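Structure first, commentary second.
The values are calculated or read from the model by the stated rules, or taken from the named source; none is laboratory data. All figures in this text were calculated on a predicted structure; none of them were measured in a lab. All Cβ positions, glycine included, derive from the backbone under ideal geometry; neighbour counts span all protein chains shown. All accessible areas refer to the heavy atoms of the entire protein, side chains included, with ligands and DNA or RNA removed. Shrake-Rupley method; radii C 1.70, N 1.55, O 1.52, S 1.80 Å.
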Amino acid sequence: MKSLYEQIYESIKQDIVSAKYKVGDQVPSEKELSEYFNVSTITTKKALEKLTNEGYVYRKRGKGTFVSKNTLDMGNVKNNVKMKKPLFGLVLTTFDDSFGNKLIASIEEASHDNCCIILRRSLSIPNREDKVIKELLEYGIDGLIISPAKAEHYSLEILKMVVNQFPLVLIDRSFKGLATTSVSTDNKQAAKKGGINHLLDLGHENIGILIPKDNGTTTIEDRIKGIVEAIADRKMIVNHDLWCSEIKSPYPTHEDTKKDIEVIKNHIKNNPEITALFALEYNIAVLAKQAVEQLGLKIPEDISILCFDSPPRNALEWNFTHLQQNEEEIGQLALSNLLEMYNGNFSIDDIRVSAHLVEGNTTVKNNVTSGHLNV
């Protein structure tokens, strides 16, 4: 089935070819077509742009869109019209060395000769995300790649995109109950096989799970599911007392950082049987390292730490044991799917990319038989 904008394009094209609209006639505006076909102006704008690119119409700023000359010989027109590159928006929550930089680089590399990219950040703030999306749409983007701020939140503009089959690909997470194509890490399997099972294989049974306070994203939910499944598969009981979900990371202020470190320190002191910590985000692992060291404990001799992602370091530096997401593949798949949609090949896919364990110097076999602290 053709997308809505292509159906509108075909309808107007037929009216031009059949001479309903003659050379020089003005065709309906984006707003008029939007009202007639009961779609958004995003969709009608795209239809008119395709007609313009193929030479059926031309547009006069401030006046409207008009039927071109020589519309009966469109074969020659098509050959002489230089098709423009599509313009795509890329909205990430944030990006740094631990996650995001490689993803951006892979999308930028794959965009050569295919499209142009506008990059924006939402900082995981829904209102900021809404504003960014509206600005990109007003600027005239032809498609959007976005890492949503919240799993339960999507703006009206995004809902319009889905309804109107506007090219849209989600990365790193997905929306609940909304049929959209998404490309993300297989977070459940990563947390299960590479994460918690690695610690269990090292003999750690009392594992503290460090979860961001704002944990409503599908990414974090999938990681938690993987942990629970791994423990259940070992015929062990999930001890939620060892879980800490009061950490404000990943975007704390300086004061929040100090508070989060105290939260983790108190969690360790209240649960002295903990021999390993599994941080569901890299920034939390950094806080955990500081908390452990401030308690006078050693990593990994007293407490092992494992996390998702970590900035690249050389062999002489201190490295977290971590689950490395394949940002390059995620970026390439996201862009290739968006280009397919832009070209009219719509499909809804939930694409999961494997992560792999990178062993650093923060995990070791558990040789502890009693608590670390006198509390």
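Please work out which residue is nearest to the chain's Cα centre (by Cα), limiting yourself to the range 17-56 and to residues that are of a type in the set (Asp, Glu) and outside any helix (DSSP H, G or I). The residue in question is Glu54.
Within the range 11-40, restricting attention to residues that are among the polar types (S, T, N, Q) and surrounded by fewer than 18 Cβ atoms within 10 Å (Cβ to Cβ), the residue that is farthest from Tyr139 (Cα to Cα) is Ser18. Within the range 115-166, the set of residues being small (Gly, Ala, Ser), buried (at least 20 other Cβ atoms within 10 Å of the Cβ) and either farther than 20 Å from Thr94 by Cβ or touching a His at 6+ places or on another chain (Cβ under 9 Å) (or both) comprises Gly143 only. Residue under question is Leu90, and the condition is that it be under 25 Å from the mean Cα position of the chain (by Cα), modelled with pLDDT under 90 and either outside any strand (DSSP E or B) or surrounded by 15 or more Cβ atoms within 10 Å (Cβ to Cβ) (or both); does it hold? Spelling it out, it is not the case that Leu90 is under 25 Å from the mean Cα position of the chain (by Cα), modelled with pLDDT under 90 and either outside any strand (DSSP E or B) or surrounded by 15 or more Cβ atoms within 10 Å (Cβ to Cβ) (or both). The one condition from (1) open to solvent by 20 Å² or more (accessible area, probe 1.4 Å); (2) more than 30 Å from Ser40 (Cβ to Cβ) that His204 does not meet is (1). Against the list (1) crowded, with 19+ Cβ neighbours inside 10 Å; (2) under 26 Å from Leu333 (Cα atoms); (3) modelled with pLDDT of 90 or more, the condition Val67 fails is (2).
Which of the residues that make up the range 314-359 are closer than 25 Å to Phe166 by Cβ and among the aromatic types (Phe, Trp, Tyr)? Matches in the range 314-359: Tyr342, Phe346.
The residue of the range 195-221 that is nearest to Ala355 (Cα to Cα), among those that are touching a helix residue (DSSP H, G or I) at 6+ places or on another chain (Cβ under 9 Å), assigned to a helix (DSSP H, G or I) and at pLDDT 90 or above, is Gly195. Residue check: Gly140 meets all listed conditions (1) without any contact (Cβ under 8 Å) to a residue 40 or more places away in the chain; (2) more than 24 Å from Glu329 (Cα to Cα) but one, namely (1).
Going by what's in this entry, would Lys225 be described as charged (D, E, K, R), at negative phi, under 22 Å from the mean Cα position of the chain (by Cα) and at pLDDT 95 or above? Before the answer, list the steps.
On the way: charged (D, E, K, R): yes; at negative phi: yes; under 22 Å from the mean Cα position of the chain (by Cα): yes; at pLDDT 95 or above: yes.
Judged against the criteria, Lys225 is a match.
Return yes or no: is Ile330 more than 26 Å from Arg352 (Cα to Cα) and open to solvent by less than 20 Å² (accessible area, probe 1.4 Å)? It is false that Ile330 is more than 26 Å from Arg352 (Cα to Cα) and open to solvent by less than 20 Å² (accessible area, probe 1.4 Å). Across the range 1-10, the qualifying residues are those that are part of a loop (DSSP other than H, G, I, E, B) and open to solvent by 40 Å² or more (accessible area, probe 1.4 Å), and the one among them that is modelled with the lowest pLDDT is Met1.
For the range 295-327, the tally of residues that are within 20 Å of Lys102 (Cβ to Cβ), among the hydrophobic types (A, V, I, L, M, F, W, C) and open to solvent by less than 50 Å² (accessible area, probe 1.4 Å) stands at 4.
Can you spot a residue in the range 306-321 that is touching a residue at least 40 places away in the same chain (Cβ under 8 Å) and among the charged types (D, E, K, R)? Scanning the range 306-321 turns up at least one residue that is touching a residue at least 40 places away in the same chain (Cβ under 8 Å) and among the charged types (D, E, K, R). The set of residues in the range 257-282 being in contact (Cβ under 8 Å) with a residue 60 or more places away in the chain, out of contact with any helix residue (DSSP H, G or I) (no Cβ under 9 Å at 6 or more places or on another chain) and either assigned to a helix (DSSP H, G or I) or open to solvent by 50 Å² or more (accessible area, probe 1.4 Å) (or both) consists of Lys269, Tyr282.
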